[in-house]
1. Restricting to region 75-130, name every residue that is of a type in the set (S, T, N, Q) and buried (at least 20 other Cβ atoms within 10 Å of the Cβ).
2. Being of a type in the set (G, A, S), open to solvent by 30 Å² or more (accessible area, probe 1.4 Å) and at pLDDT 80 or above, is that true of even one residue in region 234-254?
3. Please enumerate the residues belonging to region 70-113 that are modelled with pLDDT under 90 and within 12 Å of A132 (Cα to Cα).
4. Are any residues in region 198-214 within 19 Å of P256 (Cβ to Cβ) and either surrounded by 17 or more Cβ atoms within 10 Å (Cβ to Cβ) or aromatic (F, W, Y) (or both), and if so, which ones?
5. Name every residue in region 119-147 that is aliphatic (A, V, I, L, M) and under 18 Å from R76 (Cβ atoms), in order of residue number.
6. Name every residue in region 216-245 that is in a strand (DSSP E or B), of a type in the set (K, R) and over 20 Å from L264 (Cβ atoms), in order of residue number.
Amino acid sequence: MDEREGHLRLLTETIAAVNSTLDLEEVLALVARKVADVLETEACFVYLYDERTDELVLRATHGSSVEEMTKRPRMRPGEGITGVAAAERAPVMIPAQAHLDPRFKAFPNLHEEEYESILAVPILARERLAGALNVRTLDPREFTQDEIDLVVAIAAQVAQTIEHAQLYAQAQRRVAELEALARISEAVSESLYLEESLEAIVKTTMEAVGATGAALVLEDGNIAWPEGRAGAHAVRLPLRWKRRQIGELVCDRDTPFTADERALLTSIAHHAAVALEHGRAVMRGVLAQEIHHRVKNNLQTVASLLRLQARAADADPRKALEDSVNRILAIAAVHEVLTEQREEEVELRELFGRLRAMLVQGLAAGKDVRAELEPVSLAGNRATALALVFSELLQNALEHGGDEVRIELACRNGEVVLAIVDDGAGIEGEAVGTGLSIVRALVRDELQGRLNLHNDGGTRAEVVFPA
């Protein structure tokens with residue numbers, strides 16, 4: 001009677017202890033410790049049943065530990081003594097030399113062969129297998145029927161606690177998933193900049209699933225915001241927009257991804273696709289507005305140049321038309337470079353190369369045109385003004401200079417220096433004309449610089465303006 005009362009008290013204490021928390025890992029550790037204490041055994045091992053893999057997975061131990069850096073022991077129902085108890089839904093007790101039993105399954109990182117006895121019982125939740133546990137002793141021991149009944153009763157109560165803890169863990173994971181998706185949605189809706197949205201998605205993805213690395217791979221093969229490092233396991237999920245794949249979400253981790261984590265990553269991939277298209281739509285709108293603005297300004301510039309040309313009393317109509325065509329082509333060259341480079345700034349070496357080829361083809365038969373160009377970039381609007389200046393000065397040098405023309409471009413002490421040098425007769429008297437009037441106005445008003453003309457064995461036209 002005293003022993004039964006003691007068992008009942010220990011059963012009550014054990015159930016109270018495991019019901020004191022909803023944290024699954026803490027519950028399992030308490031089960032292992034309390035069961036070992038109740039029966040005064042040297043060890044207790046608690047397994048949980050994974051329905052997806054149909055395996056019993058060791059989740060908690062007391063009195064022994066799994067060696068670090070090794071795989072977690074797992075077995076199918078029916079494998080090993082504990083697996084047999086789980087499969088048959090009934091206790092299995094072996095009082096001595098349990099490791100010699102034909103049903104015994106050894107795990108190299110568990111060292112169960114050092115124990116003599118074993119009592120294994122299933123953990124059942126409403127007849128459904130939830131796991132199994134066993135207790136072990138170093139010395140031979142015949143467990144009594146009362147002790148077996150006690151462990152079975154503890155296992156039955158623990159099954160409910162494990163079920164509740166699993167539901168709590170699932171709820172916690174769901175909350176974390178919803179918070180991650182909320183952060184991504186917020187980043188997508190609030191940011192007008194695509195790069196910011198993509199950065200937020202990648203970083204939130206890594207936090208949500210504990211990834212070692214993540215990246216968004218766009219449809220053109222470019223990788224947006226790669227973070228972290230590769231892992232032993234990787235998952236690639238398509239980014240789809242209106243039945244069209246526009247990229248991939250790639251996520252790496254050292255451990256395999258669960259089905260729930262893959263589902264979360266699928267949701268993140270959907271948000272990433274929305275963010276990508278949202279950002280592109282915004283950029284298309286901004287780009288269209290910028291193009292309209294630039295076209296309007298450049299058309300106004302062309303109109304002003306044509307008016308200036310028309311006011312020239314002695315203008316040759318054919319020459320005036322050719323000059324106007326070259327000026328329009330100079331503006332077009334700036335837009336062409338901007339479009340190809342997809343940048344807000346124009347690389348002047350590329351721009352001058354195109355303008356030089358265009359002008360030399362029609363005006364420089366037999367002339368030696370050389371260029372010494374340092375890398376210099378300018379914003380689009382300033383590059384347009386400089387392109388017109390360059391075209392006017394180079395055209396003058398090709399038409400009125402000698403056999404050699406040299407183009408120089410450099411950046412000196414915070415100033416850009418463009419020089420067009422020829423070996424012709426030089427400038428006679430005061431330099432006038434429609435072309436030079438245009439150059440002076442553009443240098444002064446658009447570039448906030450100065451134009452210097454020198455006669456020294458030819459003509460050196462030098463434009464200097466702040467970089």
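The values are calculated or read from the model by the stated rules, or taken from the named source; none is laboratory data. The model shown is predicted, which means the values in this text are computed figures rather than measured ones. Glycine gets a Cβ as well: all are built from the backbone with ideal geometry, and neighbour counts include every protein chain shown. Remember, those area values only see protein heavy atoms, side chains included, never the ligands or the DNA or RNA. Shrake-Rupley method; radii C 1.70, N 1.55, O 1.52, S 1.80 Å.
1. Correct list: T82, S117.
2. Of region 234-254, the ones of a type in the set (G, A, S) are 234, 247.
Those left that are additionally open to solvent by 30 Å² or more (accessible area, probe 1.4 Å): 234.
Adding the requirement that they be at pLDDT 80 or above leaves 234.
Checking region 234-254: at least one residue is of a type in the set (G, A, S), open to solvent by 30 Å² or more (accessible area, probe 1.4 Å) and at pLDDT 80 or above.
3. R74 - this is the single residue of region 70-113 that is modelled with pLDDT under 90 and within 12 Å of A132 (Cα to Cα).
4. If the condition is that a residue be within 19 Å of P256 (Cβ to Cβ) and either surrounded by 17 or more Cβ atoms within 10 Å (Cβ to Cβ) or aromatic (F, W, Y) (or both), then T205, M206, A208, V209, A211, T212, G213, A214 are the ones that fit.
5. From region 119-147, those aliphatic (A, V, I, L, M) are 119-121, 123-125, 129-130, 132-133, 135, 138; that's our starting set.
Residues satisfying the conditions are A120, V121, I123, L124, L129, A130, A132, L133.
6. Applying the first criterion (in a strand (DSSP E or B)) to region 216-245 yields 216-218, 223-228, 233-241, 244-245.
Next cut, of a type in the set (K, R) only: 236, 240, 244.
Once the filter is applied, which keeps residues that are in a strand (DSSP E or B), of a type in the set (K, R) and over 20 Å from L264 (Cβ atoms), region 216-245 yields only R244.
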